[in-house]
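Below is one structure, written out as structure tokens, with a few remarks after it.
The values are calculated or read from the model by the stated rules, or taken from the named source; none is laboratory data. Only a predicted model underlies this, so the values are computations on that prediction, with no experimental measurement involved. Note that each Cβ is placed from the backbone with ideal geometry, even for glycine, and that neighbours are counted across all protein chains shown. All accessible areas refer to the heavy atoms of the entire protein, side chains included, with ligands and DNA or RNA removed. Shrake-Rupley method; radii C 1.70, N 1.55, O 1.52, S 1.80 Å.
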Amino acid sequence: MKVKICGIRDLETALYAKQIGTDAIGFVFAKSKRQLSAEQAEEMAAGLGKDLLKVGVFVNEELEKIESIASQASLDVIQLHGDEPPEFAEKLRLPVIKAFSFEKGAKLSDILSYPADFILLDSPAGPYRGGNGTSFDWKLLEKESFDRSRLILAGGLNKENVKEAIRTVRPFAVDVSSGVETDGKKDQEKMNQFIQTVKGVTKNDYICTTR
Ligand SMILES: O=C(O)c1ccccc1N[C@@H]1O[C@H](COP(=O)(O)O)[C@@H](O)[C@H]1O
């Protein structure tokens with residue numbers, strides 16, 4: 001099970017994420033309390049080396065701006081967390097994660113037809129388009145039959161609920177932001193506990209016949 005920790009805002013936290021086995025970190029360039037400038041991300045990227053994926057999170061941003069920030073901050077993946085149409089994602093040169101709000105009535109087949117490398121399911125937007133710390137009803141996905149190998153689960157995950165979330169949804173990866181923070185800042189103990197919990201979940205815990 002892969003883990004992305006989103007909303008990293010300083011090099012010390014990024015290096016700690018790498019040390020504890022995080023697979024990807026997210027830099028938020030959208031309107032958010034975690035928003036970064038391209039320069040801040042560039043500085044962190046320079047101190048990080050190559051073996052931790054850097055995901056840039058954008059909401060309804062212009063293509064040229066995304067490409068420019070991606071190049072300046074050495075991003076590996078683009079996460080589109082707004083209302084970007086399929087043609088927009090197809091124009092991007094880097095791999096794409098497309099986020100969708102998921103709630104009762106959402107049409108999974110439409111979501112899965114979006115041309116992205118990964119599909120991220122999050123709870124409906126709160127004050128910001130993402131990173132609000134709220135989860136959706138994972139049971140809505142439990143019995144659905146689809147290819148889960150490009151599914152990323154997000155929204156209100158934390159060390160207490162992530163095991164149950166993985167068992168229910170059986171995603172390829174999980175993404176967390178608020179759940180590893182204390183008073184709005186990344187908390188190293190919570191990050192470590194989250195990673196240990198996720199990496200401790202074995203396939204036996206959640207493999208079943210529904211793919
Ligand atoms: O983290 C943010 O501030 C953010 C802002 C705008 C769009 C997306 C954002 N983050 C993504 O939101 C989800 C859920 O986060 P949380 O764990 O519920 O806080 C996750 O995919 C982040 O990548």
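For the reader, a short list of remarks on this structure follows.
- For segment 2-208, the solvent-accessible area works out to 48 Å² per residue, with a probe of 1.4 Å and every protein chain left in place.
- Within straight-line cross-link reach of LYS186, aspartates and glutamates at Cα separation under 17 Å, skipping those fewer than 8 residues along the same chain: ASP10, GLU12, ASP23, GLU160, ASP175
- Restricting the calculation to Cα atoms, every distinct pair contributes to the Kirkwood radius of the chain, found to be 17.1 Å.
- Long pairs among LYS4/LYS104; LYS65/LYS199; LYS139/LYS185; LYS159/LYS185, criterion Cα-Cα beyond 27 Å: LYS65/LYS199; LYS139/LYS185
- Based on the Kirkwood approach, the hydrodynamic radius assigned to segment 4-99 is 13.2 Å, with every pair of different Cα atoms included.
- Members of LYS163/LYS203; LYS143/LYS163; LYS98/LYS203 lying beyond 22 Å, as alpha-carbon distances in this model show: LYS98/LYS203
- Summing charges over all other residues whose Cβ lies under 12 Å from the Cβ of GLN72, with Lys and Arg as +1 and Asp and Glu as -1, gives -2.
- Percent carbon-and-sulfur accessible area, the chain, ignoring ligands, DNA and RNA, probe 1.4 Å: 47 percent
- Value of [θ]222 nm, deg cm²/dmol, for the chain, DSSP H segments ≥ 4, -39500 (n - 2.57) each, nearest 500: -8500 deg cm²/dmol
- The residues neighbouring TYR128, those whose beta-carbon lies less than 13 Å from its own, together hold a net charge of +3 under the Lys/Arg +1, Asp/Glu -1 convention.
- Charge sum, other residues only, whose C-beta stays under 11 Å from GLY179's C-beta, Lys/Arg counted +1 and Asp/Glu -1: -1
- Computed from point charges on the beta carbon alone (+1 for Lys and Arg, -1 for Asp and Glu), the dipole magnitude for the chain about its Cα centre is near 680 Debye.
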